[in-house]
Amino acid sequence: MLRVCVCVSGGGTNLQALMDAIDAGQVTNTQIVRVISNNKGAYALERARKKGIDAVAVSPKDYGDRETFNEAFLECVDAAEPDLVVLAGFLVVLPPEMIRKYEGRIINIHPALIPSFCGKGFYGLKVHEAALARGVKITGATVHFVDEGTDTGPIILQKAVEVLSGDTPEALQRRVMEQAEWVILPQAVNMIANGLL
Ligand code: GAR
């Protein structure tokens, strides 16, 4: 069984997609052992608790400085003894110490086709605003390993999604989630859990 710790910041629809895929048997040999949010009010925590999954908030607001928060966050991850850490809409920069400790064992979902619309400042809706501003006709999502850069680690899976005329950032975000993110994130976890990578 692959022990997975999922890190979230907001709505948690990617977490939901992963939990649903496990329930449906599309992702096998996988157990979500803990969900961690940097944001106490994240609906993702509620989604996890509804499934009986241990869900914890570790908020930077509760710590005097970044270093103390980083230590507490890493302790919270370590305590779950995960084989894999999944960043599913996690909008905090990971402590470099954690990236080194979990090298090759952290994956992230990004809502664009890397290397487009990625790196510092490209997260959430901003990614789709930038894609629309540039006028691309195809966008999508990427699952990749996390290294010390921002969205620079080795790519595991990508899926393309059409941009339609009249798209708002919100409409495009929803299509990218439905057609790409919720498909390739569970797929990537299943590949790792079953030694298919
Ligand atoms: C998702 O679109 C995810 O790809 C994005 O945040 C959203 C979280 O949604 N992540 C990033 O932008 C990371 N750079 P969710 O909480 O509903 O899964």
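Numbers for the structure displayed
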| item | result |
| --- | --- |
| Residue identified as farther than 24 Å from Arg105 by Cβ, of a type outside the set (Gly, Ala, Ser), crowded, with 20+ Cβ neighbours inside 10 Å and within 18 Å of the chain's Cα centre (by Cα) among Val143, Val127 | Val127 |
| Residue in segment 155-164 that is outside any helix (DSSP H, G or I) and within 19 Å of Cys5 (Cα to Cα) present | yes |
| Residues (open to solvent by 30 Å² or more (accessible area, probe 1.4 Å), free of Cβ contacts under 8 Å to residues at least 60 places away in the same chain and touching a helix residue (DSSP H, G or I) at 6+ places or on another chain (Cβ under 9 Å)) located in segment 25-37 | Gln31, Arg34 |
| Whichever residue in segment 38-70 is open to solvent by 70 Å² or more (accessible area, probe 1.4 Å) and of a type in the set (Ser, Thr, Tyr) and, among such residues, is farthest from Ala17 (Cα to Cα) | Tyr63 |
| Members of segment 111-124 found to be more than 6 Å from the ligand (Cβ to nearest atom) and either open to solvent by 50 Å² or more (accessible area, probe 1.4 Å) or not in a loop (DSSP other than H, G, I, E, B) (or both), listed by number | Pro115, Ser116, Lys120, Phe122 |
| Identity of the residue in segment 80-110, open to solvent by 50 Å² or more (accessible area, probe 1.4 Å) and outside any loop (DSSP other than H, G, I, E, B), that ends up nearest to the ligand (Cβ to nearest atom) | Pro96 |
| Of all residues making up segment 130-140, the number that are part of a strand (DSSP E or B) and loosely packed, with under 15 Cβ neighbours inside 10 Å | 1 |
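The values are calculated or read from the model by the stated rules, or taken from the named source; none is laboratory data. Keep in mind that this is a model prediction, so the values were computed, not measured. Glycine gets a Cβ as well: all are built from the backbone with ideal geometry, and neighbour counts include every protein chain shown. Accessible surface areas use protein heavy atoms only, side chains included; no ligands, DNA or RNA. Shrake-Rupley method; radii C 1.70, N 1.55, O 1.52, S 1.80 Å.
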